[in-house]
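> Sharing a structure with you now.
Each reported figure results from applying straightforward, stated rules to the coordinates on display, with no laboratory input. Not measured: the values here are computed from a predicted model. Cβ placement follows ideal geometry from the backbone for every residue including glycine, while neighbour counts extend to all protein chains displayed.
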Amino acid sequence: MELTKDLAYLLGALRDGSVLRYSDKRGKIHHYITFYSKDIEWLKLISKILKMLFSEKQIFCKPRTGTPYVRIYSKKIATFMEKEFQHPLTSQITWKTPRILRETKNKEFIKWYIAGFWDAEGGFDIRTRQIRFHLSWDGSKCPPLEDIKNFLGRLGIETGKVGMYENKNGNYPRFVLRVSKKENGKFLKRIPISNPSKKRKIGIVTAK
C-alpha cells in the first residue's frame, strides 16, 4: 500500500492511538490498532477512513468509564504499521515520526500528517489564542514535535521552540509546540484539520 493523504492523516491521528500485540490467558497472540477520543464525531471520521483503507471488521466502543475508541483486530494491519512506519507493537512512547514522512518531498502528505496529529493531540488556547501540539515522550527532547516544527517551517508557518513541562498525570514528560499567533490564519488555511469539535472551538464554520 502506497502512502496517501488518508493514510498520512491516520499516521498523525495514531498519536492518540495504539498498535499492539499481546498474549491472552491461553497464550493466543492478538494484534490490533486502536484510535481513542472523547469526540465521537471525530471517531466516526476515523472509522470512515479506516473503512476506505482496510476491509477488516471494526469495533466501535463507548464504555461507561474510560475513553471511547474504534479498534480493528488484525495482524496484517499491525505488522504493516510496524514494518512500513516503524510503529512498535507495544507502547508508542518512543515511536518516532515514520521515516517515509521525514523523507518525502510531497507537501500534501506532510499537511495531512500534521492535520491528523493536531486533530488527535493538538489544541487551541482560547486565552492566548495559540494553536498548540502536545505529546508525552520518554526523553529530554521530543523528536516527533521537532519534526512537526520542521514540517511547518517547510510550509512557511512559524512556530516557537518545543518546550517541556512536568506531566502531573503521567509517567513521562509532556512537551508542547506553539504556532506563532500571527500564523493562525496561515495554519488554518494550509493544514486540512478535520476534527469537528476542534474546528468549532477555533471558530471555523463547518458545513452541516
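> Quickly rank 160-167, 141-148, 188-195 as a protection proxy: mean count of other C-beta atoms within 10 Å, highest first.
Output ranking for 160-167, 141-148, 188-195: 141-148, 188-195, 160-167.
> Compute, for the chain, the length of the dipole vector about the Cα centre, with Cβ point charges of +1 (Lys, Arg) and -1 (Asp, Glu) only. Units Debye, rounded to 20.
About 500 debye.
> For the stretch 115-122, take each phi angle, set θ = phi - 60°, evaluate the Karplus expression 6.51 cos²θ - 1.76 cosθ + 1.60, and give the result in whole Hz per residue in order, putting x for glycine and proline.
4, x, 4, 5, 4, 8, 10, x
> So what's the angle, to the nearest 10 degrees on a 0 to 90 scale, between helix 40-53 and the longest Cα principal axis of the chain?
Orientation of helix 40-53: about 60 degrees from the principal axis.
> Expressed in nm to one decimal, what extension gain is obtained for the pair Lys182 and Asn106 from 0.36 nm per residue of sequence separation less their Cα-Cα distance?
Full extension of this stretch gives 24.8 nm more.
> If you don't mind, there's one more thing I want to ask. How much of the calculated P(r) for the stretch 32-74 lies past 14 Å, in percent of all Cα pairs?
I get 40 percent for the Cα pairs in the stretch 32-74 exceeding 14 Å.
> Report, to the nearest 10°, how far helix 75-85 tilts away from the longest principal axis of the Cα atoms in the chain, using its own Cα long axis and a range of 0 to 90°.
Approximately 40 degrees, to the nearest ten.
> Using a simple spin-label model with points 7 Å from Cα along the Cα→Cβ vector, what separation in nm is obtained for Ser140 and Met164?
0.7 nm
> Per the helix-only calculation at 222 nm, which mean residue ellipticity applies to the chain, given -39500 (n - 2.57) for every DSSP H run of n ≥ 4 and division by its residues, nearest 500 deg cm²/dmol?
Helices in the chain give a 222 nm mean residue ellipticity of -11000 deg cm²/dmol.
> When only Cα pairs under 8 Å and 6 or more residues apart are kept, what is the percent relative contact order across the chain?
Dividing the mean separation by the residue count of the chain yields 21 percent.
> Treating cross-link reach as a plain straight distance, find the aspartates and glutamates whose alpha-carbon is under 18 Å from the alpha-carbon of Lys198, omitting any fewer than eight places away in the same chain.
List returned: Asp16, Asp39, Glu41, Asp119, Glu121, Asp125, Glu183.
> When the C-alpha atoms of the chain are aligned to their principal axes, what extent does each axis show, in angstrom, from largest down?
Its Cα atoms span 56, 43, 39 Å along the three principal axes.
> List the equivalent ellipsoid semi-axes of the stretch 102-201 in whole Å, largest first, each obtained as the square root of 5λ for an eigenvalue λ of the Cα gyration tensor.
Computed over the stretch 102-201, the values are 21, 17, 13 Å.
> Determine the relative contact order of the stretch 5-93: mean sequence separation of Cα pairs under 8 Å and six or more apart, normalised by residue count, in whole percent.
Relative contact order for the stretch 5-93 comes out at 33 percent.
> Would you mind checking Lys48/Lys141; Lys25/Lys168; Lys141/Lys181; Lys75/Lys189; Lys76/Lys111; Lys44/Lys161 for any pair whose Cα atoms are more than 31 angstrom apart?
Distance filter (> 31 Å) returns Lys48/Lys141; Lys25/Lys168; Lys75/Lys189; Lys44/Lys161.
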